[in-house]
Structures are given as structure tokens and as C-alpha cells.
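Report on one structure; see the data block that follows.
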Amino acid sequence: MRAFTEFASERAHQPISHYTELYQWSIDQPDGFWQSVWDFFDVRCSRHAEKVLRNGTQMPGAKWFEGARLNFAENLLRSQDDRTAIIFCGENDVRRELSFAQLRSEVARVADGLKAEGVAPGDRVAGFLPNCPEAVIAMLASASIGATWSSCSPDFGVSGVLDRFGQIEPKVLFCADGYFYAGKKFDSLGVVREVLAGLGSVRRVVVVPFANADADADACLGQTGNAKMFSAFGDPAAEISFAQLPFDHPLFIMYSSGTTGVPKCIVHGAGGTLLQHLKEHGLHTDVRRDDRLFYFTTCGWMMWNWLVSALAQEAAIVLFDGSPFHPSAAALWEMAERERVSIFGTSAKYISAVEKAGYRPAEHNSLSAIRAILSTGSPLLPENYDFVYRDIKSDVQLASISGGTDIISCFALGNPVLPVYRGELQCRGLGMAVEIFDDAGKPVVEQKGELVCTRPFPSMPVGFWDDDDGKRYHEAYFDRFANTWCHGDYAELTEHGGLIIYGRSDAVLNPGGVRIGTAEIYRQVEKLEEILESIAVGQHWQDDVRVVLFVRLRDGVTLDDALRERIRKTIRANTTPRHVPAKIIAVADIPRTLSGKIVEIAVRKTIHGETVQNTDALANPEALDCFRNLAALAEG
């Protein structure tokens, strides 16, 4: 970050010494800033842009780096030596390692296989895979020839996969024969057979022998007749070539959560994704050539795509597949110690769960290599900051980051040259004109409101799939405030220039007309030892809305009147009387998406007797049964 600040100062022909000055320049001069990012990180390309930014005040409508030709995979495979590129660790004690040279060779082979199947620029290639090296190889091979990659994790059911891949019609499907989770082996091929029956576009299925080393393609998929094993796909002697494509050539198709209907297919361009990730890894995360970056994720979450992009910094990425609590809460910390992970990424819920499990990594693991811990997926509570610095590592940068699948990057994230304030995201990302708007669309500081972005940025989606007139894309982000991206987060800009996220705007509670972010309640409730997790929703009641809090308790704990009163007192003492729930009800489980986020909207619909349209988007849809026909909800 300091080196870039000096570089930017020379480019801007003005002194820039502090992050606030650098940030302001990046917003005021977006063309100069993003060209500086391109040059600082030496983006590989066959042709430079004729114009960095056109229609720079329009959202949507801005055009970036017109005339440039580049390839995403070429920029991730710039290293060709024997240094480590990928370390894979499975929960079943499997460990594999690939060098950059081996990775490049494997990508060349699989790209050759894709070409032999007739895959061309713009065609779609899909992965139904665990978080394994083959997923990275298949993605890079697709990108190298200009195909568009899309992936789901193998815990998706048939309908969940078809809801996604059925819209984009891939030519080739990569899948595994199975996967492991929490000490159990799961078969994937039964799902694949059913998916193929509803997915007529697939010409070839490529099978990764993940659960069974001796798996055979014909045995795997029987009479489908178009299966090949991963190791037999493509010519091992093939040379790599990189299709040179426009800046906004479709690279990834990502999906909205799908909890309110069929998932939206969000198309992301190669150049915008590359530039954003170069900035976020190289500047905001300080990823270096000798680093080992780990993020606990699956191939169904955008953090997988974000993790893989760290290869462009010539750093090693560490992949893990399985349960983070198998065989115990020590699993990921033991892996981090063994592999000397330097940047450890996970979810806020995982950090909270480790604390609730009573595991203190600092007492058991040597984590001297870790210099940064990253968290996303939901707001990181102030108490989580205490736990990290007290019980994980005292000399570490804790970076809570926030953005989303919609932008395949972050609006707010860490900064290695700024202080960490308890409960806050450190800063707004360079080049991201983030503001907090009140209901009238006016920017406010130290007040809660809507998180917006008021100027274009390169990783805005190319568009939505099959949305030729852009209507659905416009409705998703630009209907609320004219020419402004409205992200759907309820947040606050602090006096330090950091951010506090209070939850999703569509989950905001509104008792008596007062807006309350759900995270404000969670951060108080989850302080209590008896409570593992909670979820708060608004229930329509007597011409108003009342707050109902559901809690998942530790084994052996009963929700009696005394515990209810402790919960209410804790909330009242640290927030306002409006935050205190009218009802507190114990439930056995809480529904969450496949990427681990709790789903307030699905619970709210369920308690009101409404239909949750797409339960295939949930990791545990049966949890909704805990919220149906609750007698306590009819009580005053």
C-alpha cells in the first residue's frame, strides 16, 4: 500500500501521503487510478486500452478499458517455476501440492480437452466440484480459451444445480464422484445423473476421482456415454495459449442466493474481476510472492473465485474441503500451523463458533506465520474482535471485509497501514465511491442508512444472463436511487472512515417505525454463553411489527424465564428498549444458505405462513420446520 501510494503520487503529480488522500484521488480521478493499478501490477495484455473510461458518470453504462485485449488466466499463470502454487488439504487427511509449473501444464492439458469438445469463447463450462485443485485447473483452462466458468459445490441438490446450470446451458460439466464432510463420504454421481437428464446442453462430463481414487468413468455414469476421467481429458503434451479478449469478456457467471426465487445469473467480466482482485490482494491485503493465502470456502461462494485470483500475486493458495470442525474445532488451526498459512480467511460465523466451542488457538497452535485474519459473510461482532486478539493472535491484522457476489469483490475491507477499530471494517476500498444514504438519498456520517456506491467501478457486472434489455439488472441495484448502486446493506460510516454493517436492508426490523439492523441484536445475544446462535425477524402484530428472537441453545440448556430476562436485560443495557424482543423462542436449528449465511427472510415468510419459494438454496431446508405453526407466535 505504501509503495502504491508513492507510485500514485508520481502519477497524480501531487503529494499523497495518507490513505484518506489516496482514497479521495482514486474516487476523483477514476481513470488515472485504475490505469495506475493496471501499471503497478503489470497486467499482461496484447493490446492496451484506447480509453480507460467512457460514460464515467453513468451507472449502468460506463465502459472500462475499451480496446484492451487480455486473458485472465494468463495473468494468474505468469509464474512458471517450481514454487508452490496450490496446497490442498482434505478433512480425510489427504494432502496434495502443485507447483506453478505443474499447474500451468495441467491447465494446458485441460484447455486442449475443452477445445477438442468444441468449446469456444463465450461457451459455458460448469463445475460441480469440491474445493480441490481440479476445480482451479478447470476454471483456468476455461478462462484461457475464453469460455465462461460457473461452479456449484457438491452439497447442492438436483434442483439447486438445475436452477443455476439450467439457465446457462454449459457444454462441458466437471464433477467429482463424491466428497467428504464431517467424517462421512457422500456420493455425487446420483445427483449428476439426474442433473444430466435435465441438462441437454452438456456434451462431455469430466469426472474427478475425489472420493474413490480408482473410480472409472463408465462405472461412474453408466449409460450416459459421454464421461471421461479428469486425468484422461486432453493431451498432456499440449502447449498453453491464451485467447486475447476484450476487457469485459464474460469470465464468471455467479448466482444470487436464490432464497426468494430462481437465482439471478450475474455475469462478471475478465478485466474488471482481475483489476479489482489485484487491488484487493496486492494493496488491501498485502499479499506477497512468498505468502500462503487460505480462505475457508466452497466453489459455490464468491470467496473461492477471490481466493484463486491470489495466484496473480504469485502467492500460494491453500484449499481445504470438508467440515471445519472435523474431527474437532482445532482442524483449520492445525492446518494453518502445519502449512504456515500467512493470511487466514474465514466467515464471521466460524470465528463465533470456534469461541462457542471453547477452543483457544493461541493455547494450542503456533500461528507465528499468520499476519492477517480476514472475515466476511456476515457482520463480525465487536466481541469477535476481542476473541481474535485475546485467544487467537495478538499481533495480527483483523480485517472484516464486505462486498458480495454482485460485485465479485469488496466495498469495504482491510488496510495494512491503518489501525483496526473494534467492530469496524477498516476502510472503503480504493476506487469505490461508497457512501451511506438516508431515506432521502443524502449522504450521512455516523448515522445508519443504505450502503451505496455513487460512481462506476470496473467489477460491476457485465449484466445478468438472458436479460438483454438490462431491466432485471437495473431493478436489482439502480431503482432505489438514480444513477447509484444500492447494495442492500444497512450500514454506518464512522468518524475513522471505517464502516459498520448492521445487516441486510431487507431484513431490517421496523418496530414502531424505528429501523433496527439485526446484527445489533445478535452482537448482544451471542455474548451469552448459553446461546450458540440467534436469528431475529419482525412479526406483524396488532397493526405494527414486533421483534421475535429465536435462539439455538447449548446442549443441556433450557430457555426459562430467567434466561429470557437475562437476554432482554443484555439487549436493553447495550442498545435501546426498541431492540428488546417481544418474544424469545428456542429452536433446534436455524436455516442458512449453502455459503453459511442465516436467512432472516425465509424465517419471516415461514412464521407468516408464506411460501419460501426456493428451499434448494438452503443448506438445511428442514430447519424451517422449526418455525412453522409455533403456538408461542400467536400469544400476546
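When the helix-only estimate is applied to the chain (DSSP H runs of n ≥ 4, each -39,500 (n - 2.57), divided by the residue count), what is the mean residue ellipticity at 222 nm, nearest 500 deg cm²/dmol? Kindly include the intermediate steps, with their values, before the conclusion.
On the way: 19 runs with 174 residues, N = 636.
One gets -8000 deg cm²/dmol as the mean residue ellipticity at 222 nm.
At an R0 of 41 angstrom, the distance between the Cβ atoms of V158 and E6 translates into a FRET efficiency of 0.15. Residues of region 325-354 with an amide N closer than 13 Å to a point placed 7 Å from the Cα of A182 along the Cα-to-Cβ direction: 325-328.
Stretching N574 away from N483 to a fully extended chain increases their span by 29.0 nm, per 0.36 nm per residue minus the current alpha-carbon distance. Label separation (D544 vs H364): 4.7 nm, computed from points 7 Å beyond Cα along the C-beta direction.
Counting other C-beta atoms within 10 Å, and keeping those with at most 12, which DSSP coil trypsin sites (Lys or Arg not before Pro) do you find in region 250-295? Walk me through the numbers on the way to the answer.
Values: sites: K264, K279, R288, R289, R292; in loops: K264, R288, R289.
Qualifying residues, ordered by number: R289.
Report the trypsin sites (Lys or Arg not before Pro) located in region 499-582 that are in a DSSP loop and have at most 13 other Cβ atoms inside 10 Å of their Cβ, or state none.
Details: sites: R504, R515, R523, K527, R546, R552, R554, R564, R566, R568, K569, R572, R578; in loops: R515, K527, R554.
Those that pass, being in a loop and sparsely packed, are R554.
Inter-part distance, region 409-462 to region 228-295, computed on C-alpha centroids, equals 24 Å.
Report, to one decimal in Å, the Kirkwood hydrodynamic radius for region 509-634 based on all distinct Cα pairs. Could you put the intermediate results ahead of the total?
Details: mean 1/r = 0.0672 Å⁻¹.
Evaluated on region 509-634, it is 14.9 Å.
When only alpha carbons of the chain are considered, Rg and Dmax amount to 24.0, 73 Å.
Cβ-to-Cβ counts within 10 Å put C427, C175 in ascending order as C427, C175, the fewest first. Placing a label point 7 Å from the Cα of I601 along the Cα-to-Cβ direction, the residues of region 498-531 with a backbone N closer than 18 Å are 502-510, 516-519.
Going down the list K527/K569; K264/K471; K264/K448; K115/K264; K171/K228, which pairs span over 18 Å between their C-alpha atoms? Write out the running numbers ahead of the final one.
Details: K527/K569 12 Å; K264/K471 12 Å; K264/K448 28 Å; K115/K264 28 Å; K171/K228 14 Å.
K264/K448; K115/K264, as the Cα separations exceed 18 Å there.
May I ask what percent, to the nearest 5, of DSSP beta bridges between residues of the chain are antiparallel?
Values: 57 of 99 bridges.
Taking every DSSP beta bridge with both residues in the chain, the antiparallel ones total about 60 percent.
Dipole magnitude for the chain: about 360 debye, using +1 per Lys or Arg Cβ and -1 per Asp or Glu Cβ, origin at the Cα centre. Under a model in which nothing but the beta-carbon of Lys, Arg (+1) and Asp, Glu (-1) is charged, region 509-634 shows a dipole of about 460 debye around its Cα centre. The slack between R422 and R515, meaning 0.36 nm per residue of separation minus the straight C-alpha distance, is 31.2 nm.
The calculated FRET efficiency for the pair N212 and H18, based on their C-beta separation and a Förster distance of 51 Å, comes to about 0.35.
Only the coordinates and a few stated rules stand behind these numbers; no lab work does. Everything numeric in this text was worked out from a predicted model, so none of it was measured. Neighbour counts run over all protein chains shown; Cβ positions are idealised from the backbone, glycine included.
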